Amino acid sequence: MRLLIRFVATTLGVGYSPVGPGTCGAIVACLFYWYVFPTNVLSLSLIVLCTFFLGVLSATQIENEDIELYGAEKGHDPQIVVIDEFVGMLIALLALPKTIPITIVSFILFRFFDIVKPFPIKQSQMLPSGWGIMMDDVLAGVFSNVIIQLYYALTLLM
C-alpha cells in the first residue's frame, strides 16, 4: 500500500527527479493531456477531480511520513510530491483548445503562478495536510486557465 501511495504522490515516480521535480510533474501532465486522457471536458474534469482527491490522500500520507521520519513540520510540502503539479497543470489546460501554443502558454503561466504564489495562492498552503499541498497548485491552474480563457475570448471578439 505504501508503494502505491508513493507512486500516486510522486506521479509515477517523477517526483524523485533530481532536477525540477515540480516542473517534471507539470510536463507529465501535458503529456498525459496530449496522449492519454480524453479531450472531452466532462471526462477530463472527472479525471482531474478524482486525481485531486487521490492527491490529497497521498500527499497527506507522505507529509505524515516525513514528520515521522525526518521531524518535518506540519504544513511541509515534500518535494517528491508532484501530484499537485500534475493536477494543477491539467486544470490550467481544462476546456481550452488543444493546441501546442496554448499548451506551452498554459505551462508557462502555471509554473509562474506556482512559483511566485500571489494572493490567495500562498495563503492556500496553510490549509491542513494534503489540502494545503494540493490547493496552491489548483489555484495556480485556475489563475492560468482564466487568463488564457479571457485572452482567447477577447481575441474571438476582435
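None of the figures in this text is laboratory data; all of them are computed from the coordinates on show. This one's a predicted model, so the numbers in the text were calculated from it and none came from an experiment. Here the Cβ is made from the backbone with ideal geometry for all residues, glycine too, and neighbour counts use every protein chain on show.
If you build a Gaussian network model of the chain, linking Cα atoms that sit under 10 Å apart, which residue out of A95, A26, A140 swings the most? Comparing A95, A26, A140 in the GNM, the peak value goes to A95. Rounded to the nearest 10 degrees, the angle from helix 41-70 to the longest Cα principal axis of the chain is 30 degrees.
In the elastic network of the chain, a GNM with C-alpha springs shorter than 10 Å, the most mobile of S129, S144, S43 is S43.
Per-residue counts of other Cβ atoms within 10 Å, averaged by peptide: what ranking do you get for 86-93, 58-65, 116-123, highest first?
Final packing ranking: 86-93, 58-65, 116-123.
Once R0 is set to 22 Å, what does the formula 1/(1 + (r/R0)^6) return for the Cβ-Cβ distance between I104 and L46, expressed as a FRET efficiency to the nearest 0.05? That gives a FRET efficiency of 0.30. Coordinate range of the alpha-carbon atoms in the chain per principal axis, descending: 57, 33, 28 Å.
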